[in-house]
1. Angle, helix C:440-452 long axis vs. longest principal axis of chain C, Cα atoms, 0 to 90°, nearest 10?
2. Based on the mean of other Cβ atoms within 10 Å per residue, sort peptides C:504-512, C:52-60, C:154-162, B:14-22 so the most packed one is first.
3. What FRET efficiency comes out for residue C:111 versus residue C:214 if R0 is 30 angstrom and r is the Cβ-Cβ distance? Round to the nearest 0.05.
4. Suppose each label sits 7 Å from its Cα in the direction of the beta carbon; what would the residue A:21-residue B:68 distance come out to in nanometres?
5. Over the Cα atoms of region C:429-505, what Rg and Dmax result, in angstrom?
6. Going 7 Å from the Cα of residue C:266 in the Cα-to-Cβ direction, what parts of region C:272-315 have a backbone nitrogen less than 16 Å from that spot?
7. With r defined as the distance between the Cβ atoms of residue C:7 and residue C:549 and R0 fixed at 56 Å, what FRET efficiency is calculated, to the nearest 0.05?
8. What relative contact order, as a whole-number percentage, does region A:2-206 give when Cα pairs under 8 Å and 6 or more residues apart are counted?
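Read-outs: derived from the displayed coordinates by stated rules, not from any lab. This structure is a prediction, so every number in the text was calculated from the model and none was measured. Here the Cβ positions follow ideal geometry from the backbone for every residue, glycine too, while neighbour counts run over all protein chains shown.
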């Protein structure tokens, strides 16, 4: 079974987010890129499928800072082939552009299953996975948290609102937007990543970037502090007293 | 192109999601400016009854067995069929586990622009402007919606669901379903969530725990507070993913929406996936050591004292106040 | 004329022939059995060289296996064992001397002979005192750290029987011989009175003498044969381990990750991957349980017992040796005989290694197994997060590396940037001191103290990363190497004369494990060493005498691992504090349990936290008001413990730097 995992990078929220001088996008110099958390789950789900019944996994990433590390880490977990897409990313990236970047590679690869993170917190134009699926003419199910696949068919668990989940049957090939892998992403020790660096190679592909379909914002800004919470001051005892008093006023106590 | 605003109504097992009403409210506010009608798109099988309180000018109802339960593929085909004939100004869908699947597929199929995580659309200088949230709620983005049919994925913003409910049932027009043969996705069955656990949507006092609880052992501090208050513990996704609490306690995008009297948010950052499901709370008290956490934008009261230090003291004070 | 008569009273010539042939046969059997046990070590285990400096090693054998300094560290069992062991050394030498005297060179006559007899008899009495102590301990007191199984009782019985029997032989001879110098064998002579009193004939006494004699050498032969499979095997394995353990290795330096011929890492998934010395070590364990008593994890009620760990390795070696010897799949070590939880419970405090009379290195074994578990990804979620954070952000808190020096913003004047300017002291601050909001005040105080002491110091600002000490002890060797690379690269660009650090964990690894070219021979100091130096040389004067009654907790990585005990105490004295030592102080200090990455893991079920136990130990001393520490993790653990034990009105937890600051 062939599995492809296209991944993307998002700004690491641990770092301070700064808007650039023009005021309509994040300052690229302040951004520290991190592999999208949901894509990390997608890689894990692919490895789980490989462990369940054997698979050949290709991970594809745009050439952002840290892409090599992320790809080698995926190899250390069990990915078999690594592809990096170089392009001019200076103008930014969006879900539509990503879908266009991945489509030709996946067209050539013809995987049975494509797994990708269901969303990226930096996206303003939806899920790259859904866009990709339709571009390839493949079915798409998003918010998937479990997959079993055999003989041209997959059975997936999809999340529905209200804590409900459902089991769906999907004919392969198909694209799945991963919400969570069946088990949390495993730890891969640095020694193994370093070994992967020696034994694996990253194939590079160059492409043009097409951002149409997404929108460039006119302005980006931190949310207005307007209705900020009334911060309670004092030491632990003071604050606990105040909260108790507030609850009492609400009629809770 | 007409100036209508389409709203995709989300419903699962006979229940219409709040986001649908919120979108109707938003649509109704815009319609006068676009000069079009608000048309609710209701897909299902034998689901006409759900149209009764939709605040729309009219409901376009499509009935088909393949639409009995939601799947992205079937819904997307129906919408694609409609949009091949009609060219509304906007198509609003919920940025949910339902709407998000559909919107992406439609955008690629029909080459229509797509905006997601949208909190509000308003008229500005003769154009339609949008405000979306991004980066876990830490950044907002404003922009202008392109002219031409645009798909918008909406999240709860300023409108409340009641503003999208109609007192009088709207007119329902039944449309013919397109050919829905050869579907590659079908729903086999639902997984019933464990029913023995409490229903957090009915609780008046909720103590929510997030990543800031750090380890499973610390949960009992939250349990203590919940017990002292006569409430129940619920959690965000990271906590539930670790299996520290069952999924029945999950509050968020793929969990439950709650409307308690008091919601005490412990170690919760306030990222949209969770925060959009607690906006119905009467009062939120947030405890988070990060003073810049978005949760403080929706909480009424807050403190940066470490929850691990605060909880034992607070629980004690609550117990004292209740007994004394 | 007093002289030793060889084989007195024994029928010649067949008596001596019988004795020698049986004893030699027994000895040979013993050697064969010994070889079969010992060869498992090198047939199953990995090769490793432990041969350098043979004289130094022999000295260690003398120290630890003959004099047995560590055994003597505890009074009752120390005296008890010395009595039993030294007596046997003396008896063995006595027999050897007697054999030389009998066949090669006569010297046991006259005064030398009398001295010889006296010493042997005195040691017999000493032995019997020890035997009573041992019997009392094993059957009446029954301390929980011992393994109360019959095989130990049998060994005790055996060795006592032999000695009593020997005394009997002597007493029968003296009853017959009745020499004028009989009083030089006081114990034998006293017993001889009994036989004399019976009025038995000389013939009868001779008969008893011969019986006792043959019983004696037969039981000794039996002892020889059974030693390799009895609890007395440690008589050999102990000295062997003392010889083969490396004399110059600093306690705080872990062995590098072993590699095979292809340069691939070797992970301890089975006994085959342990070194022959580690396997030998497991055979050296006497199950005395001192390690267990000292272990904070065990005291907390966790599943780890260093003793049980060694026993598990030993038992597995003997039980699984056919499978281990063959080419097939070796049975799993951790996950098999040893549960994962045991391996993760260890705080790497080193108390077990320090206590062990056999010089067993438990911590090495735990880290080896952890390296394997990490390679397999068998790591709990919390630890996984910490490790991911360390590798990405250089700290375990998951905070941006750009925020590392935020604590220093209010400090005036601005602390020198060691990356840009030359400094005398490069202050390696450490993660906890930099990022933990509760500790930031203390870090600023430290900066103030350094400034007022007139020190020329600087910090690495954002270039500093976690030193890697605990990442290494958790078994993530690759992460450790990565952190060492990053820190070494940062240090290489700086000009400094010495490194000072406030964190003992940082101190330990920088001092003992960082590559020599990173430090370039420059010293690494803990702040207590540096300040003590300044105070002693008069460069820093502590004007106020605080007059507080304090107790001091020795951090594991400063005290036990690196021997820094005196400097902090001198500082306390210089600050005018009166120090009251806790019962477990110095090398016996009880670990706070944050080390070995434990602070990054799920706590799990504990009966009593070691940190709480320690608080109670301090509070029990009544007059002491301040609990002084000199490690940031100790502050975190103990400030928490003082709350959870409700001792806040009795004790205050302070860092030593706070007292120094007050006294300036």
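1. That works out to roughly 90 degrees.
2. Listed from highest to lowest mean packing, they are C:504-512, B:14-22, C:154-162, C:52-60.
3. Values: r = 31 Å, r/R0 = 1.05.
Taking R0 as 30 Å, the efficiency between residue C:111 and residue C:214 is 0.45.
4. Placing both labels 7 Å along Cα→Cβ, they lie 6.3 nm apart.
5. Radius of gyration, then largest Cα-Cα span, for region C:429-505: 13.6, 40 Å.
6. Within reach of a label on residue C:266: C:272-281.
7. In this case the efficiency is close to 0.20.
8. Details: 421 pairs, mean separation 52.4, N = 205.
It comes to 26 percent, rounded to a whole number.
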